Amino acid sequence: MYRALCTVARLAVAAAALAATLCCDSIIEAALNLQIKLNPHSRAYNDWVAPSVPLLFDVYLFNWTNSERFPEEIPNLEQLGPYRFRERRTHVNVTFHPTNGSVSYRTQRSWYFDETSNGTLQDNVTILNVIAASAIYRSRHWNFFKQKGLSMVLAMSGHGMTTSRLVRELLFDGFEDPLLDMAKSLPASATGGAPPVDKFGLFYGRNNSMDTEGLVEVTTGELGGIPGQILSWDYHKSLPWYEGECAKITGSGGEFMPHNLTEDSLLTIFMPDLCRTVHLEYEQSGQIGGLPYNKYAMTDISFDNSSRTPLNSCFCNGECGWGGVMNVSACRFGSPSFLSLPHFLHGDPELRDTVRGMQPDPDLHSFYFAVEPRLGVPLDVAGRFQFNVFIEPNPNIALYEKVPKMLFPIFWVEQRVKVSEPVISELRTVRAILDWGGTVCACAAILFASYVTIATCCAKKSQYSKPQEMIVSEKPKDEAEMKLNSM
């Protein structure tokens with residue numbers, strides 16, 4: 001009986017350990033999920049509305065040093081910068097939609113120039129005349145007379161192949177141009193539907209604006225699933241510029257990632273500046289401050305053309321001549337805008353052969369997310385893109401009569417985000433709880449159950465081994481003794 005009780009006790013200890021492990025893991029996961037959901041009471045919400053992590057925005061401009069000898073000579077481009085800006089980002093007009101578990105918002109970004117930059121806002125830079133290039137590109141389907149008219153307008157307004165401006169004018173302040181005034185009186189069909197503006201700048205109108213990225217709707221995680229997954233962008237459920245798979249609006253907004261990432265995982269991110277979803281592939285693993293990460297990056301097929309990657313053909317919009325570049329003209333009001341990785345990293349060699357100064361380096365020019373795989377928290381993000389303008393010869397427009405067909409680099413940007421050491425320390429603690437919480441609970445359960453079992457077994461053993469009282473019966477008396485006693 002004693003052995004049976006001890007066997008049952010041992011089974012009870014094992015069951016207690018298993019139950020404690022499962023219960024603790026479930027409780028810890030539930031507590032974590034509560035904090036990463038997008039609701040006003042969660043930790044994730046506070047970090048999402050107004051990120052405290054330092055955000056850096058670096059701009060590199062390509063100064064054209066031999067423009068007076070173009071097109072006889074290949075353009076020589078000198079990289080200037082970085083012109084560094086510190087960014088403050090907040091999500092505004094936040095509205096929750098409980099019925100479908102989503103939240104809509106706009107993003108307001110403010111940039112402040114960092115005086116420690118490698119250059120000043122007063123630097124003078126020469127770049128391709130983007131205004132003239134855009135006007136000529138939009139006219140490529142016009143008839144002969146309209147194109148000749150544009151050629152005369154460009155000549156009369158003093159437009160040349162280049163423009164030389166201060167950095168502050170090229171970036172956020174903008175500068176006036178007579179073509180912009182003329183464009184205000186043209187029909188939308190001639191301007192690609194672009195809203196009228198009084199100045200031109202590469203980032204003109206973006207500083208402190210709430211409208212640059214449009215209205216975004218993402219999941220909150222309240223109804224299950226991963227928070228921060230995009231549902232609609234700027235009132236679109238699908239992209240109107242593309243068809244098929246390319247039209248789908250899917251993936252994360254870049255702030256929330258899936259949990260339990262592996263080497264086989266793909267990071268799917270929707271990027272408003274690209275007007276599309278991109279996929280990042282696993283590249284390598286490492287550690288930051290003792291915290292493990294998986295690094296996912298854009299590869300040589302991310303912006304590849306349809307000849308090598310047929311699934312990308314629906315992004316071409318009629319211009320898919322080079323691999324490694326993305327035609328975004330359709331979502332940029334018909335301007336000749338093509339995006340690539342800096343210095344045409346992963347692009348066709350021809351792209352670098354048409355200009356001098358391109359020196360692609362994966363360490364400096366790749367686009368990647370380094371993510372803690374268990375928690376799905378981005379630890380180090382480098383968002384890098386290069387803006388290029390497409391030009392081609394046009395016999396009816398004197399300015400572009402002899403230009404080569406090429407992509408002309410204008411600038412590239414790096415958006416860098418790295419979590420601070422206090423955040424790393426906090427994440428290490430959370431990761432330790434996730435990794436060892438169940439084990440600690442199991443050990444505690446085993447110790448407690450073992451104590452109870454030992455105490456119970458000892459008590460039962462003493463009960464079964466207690467000496468029984470001796471009952472002494474009297475020996476029956478014989479007949480002679482009985483007779484003597486009776487006398």
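FYI, it's all coordinate maths here, none of it is from the lab. Since the model is a prediction, treat every value here as computed from it, not as a measurement. Cβ atoms come from the backbone with ideal geometry, glycine included; neighbour counts cover every protein chain shown.
General remarks:
- Over every Cα atom in the stretch 142-292, the radius of gyration and the widest Cα-Cα span, Dmax, amount to 21.8, 67 Å.
- Semi-axis lengths, Å, the stretch 101-228, gyration tensor of Cα atoms, sqrt of 5 times eigenvalues: 35, 24, 11
- Summary of packing: across the peptides 66-74, 288-296, the per-residue average of other C-beta atoms within 10 Å ranks them, highest first, as 288-296, 66-74.
- Kirkwood hydrodynamic radius (C-alpha pairs) into Stokes-Einstein, the stretch 54-419, 4 °C and 1.567 mPa s, D in µm²/s: 59 µm²/s
- Highest to lowest packing among 128-135, 53-60, scored as the average C-beta count within 10 Å: 128-135, 53-60
- Three-way shape call for the stretch 60-160 based on the alpha-carbon gyration tensor, with the a/c threshold at 1.5: oblate
- For the stretch 243-387: span of alpha carbons on each principal axis (Å, largest first): 45, 36, 26
- Linear extension gain, residue 39 paired with residue 184, 0.36 nm per residue minus alpha-carbon span: 47.8 nm
- Taking the stretch 54-419 and dividing mean pair separation by its residue count, relative contact order in percent (alpha carbons under 8 Å, at least six apart): 17 percent
- Approximate spin-label separation residue 56-residue 429, in nm, with each point projected 7 Å along Cα-to-Cβ: 2.7 nm
- Extension gain, residue 354 to residue 309: 0.36 nm times the residue separation minus the Cα-Cα distance gives 13.8 nm.
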